[in-house]
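No value in this document is a laboratory result; all are computed from the given coordinates. For clarity, every value in this text was computed on a predicted model and none was experimentally measured. Cβ atoms come from the backbone with ideal geometry, glycine included; neighbour counts cover every protein chain shown.
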């Protein structure tokens, strides 16, 4: 028996999914394959091991042709979830096309070019699309995100609050090349934030509509401008649709002596350098860098970064930051993702015999938390486990969001009970601080842990503290939060994450 409206809504979604799948004679594996998911994922959703996601619901609705039944069940679940965790306005569906575009779309070729001239950056994105789905596409979602100081989120957030990005300055233009016709595309704002914009490009204009029907191809191109004072030294492409070929270009002034490098990340791999080198050519005083990949993984992110060796000082007289958030954490002594120690269970203390060792380890954790307080505002609270300092012992310190509260010391902790009620919130990790991930956690956990004299006690934690403590216990068991994320849930770059400086909502 379920114990909350959200669980009942999730159960209704799973039951509707199973009914529609069974009626069409598909196995779970067959449905997953047609949806483009891992073969086990449909099974996990139907068995309630995974909660439904928006992308999953849209693809299931499209593949099964459920006349809106699956989508309706998801909306019921999503409204309950957002009413509790994120009570914000949600755009209503477009009347003529309740199912958003993207389902069944394939990007056959994307070319993304960023050009820096004078005091601005001009971005041009060109995508060759093929509609392999079952519905006509009438709109296409694009995102614009800026981050002036990507290695310093506090400074960057304040900068964009004081100098918000506006639609007027973007000078957004879009058109569609369809069977030799070049049609301007109207657009409509979806989200408007200080440093982040989402826009629907519409397959229509004042002269009429030109939907992209199943089996048809079209190329869309859109461009926008951002001033140098709002752009940071990075250009990222996220693979949100099946893509056959992706090309990224940077066109920079050679006189600034640009040094460019690239990194990539995906759901199955940590951040690392691009697998192939960037190509550079110089022409007419410009340094043009280009990188291409075929069949990029869905949800992969490719990011070009640069610095100008002859760069000018910024308007406040400071030079560009040289490091990212993860680099600053590494410099503060935090072991970064990929280290073997983070994948191993920590060593248990033999208390009280090893009390002196335990107190020394806890002292190092407290000192490290003091250091990293200078690097980031931890409005949600913060925790640190000994392996993150390269110490293999089972100890962690968790500080609540309320700075006046005493930090919690955990020695040899283990979760002995957890509530059935869960929620999903974004988490960060000091060991890969450039990203955030949506993680499901119980709303209450009971944790058995040791005191200095070796006695065992059980402490109950709820809501934010339950999430913080569970995160640190995971570290001590050799697990990272990405291990608990849904398979299709992407990691969000910190520059796209809008909740820095805000507590979790319950």
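Things worth noting here:
- Whether segment 105-321 is rounded, prolate or oblate, judged on the alpha carbon gyration tensor where a/c under 1.5 counts as rounded: prolate
- Mean residue ellipticity (222 nm) of the chain, computed from DSSP H runs ≥ 4 via -39,500 (n - 2.57), nearest 500: -7000 deg cm²/dmol
- Linear extension gain, residue 132 paired with residue 188, 0.36 nm per residue minus alpha-carbon span: 17.7 nm
- Likely footprinting exposure, 197, 190, fewest C-beta neighbours within 10 Å first: 190, 197
- Ranked list, fewest to most other Cβ atoms within 10 Å of each Cβ, for 167, 235: 167, 235
- Under the simplified labelling scheme, the residue 451-residue 161 pair shows an inter-label distance of 4.3 nm, with each label point 7 Å from Cα along Cα→Cβ.
- Sequence of 429, 343 once ranked by neighbouring C-beta atoms within 10 Å, starting from the fewest: 343, 429
- Value of Rg/Rh across segment 5-85 [Cα atoms, Kirkwood radius]: 0.94
- For the pair residue 29 and residue 401, a Förster radius of 41 Å applied to the C-beta separation gives a FRET efficiency near 0.40, rounded to the nearest 0.05.
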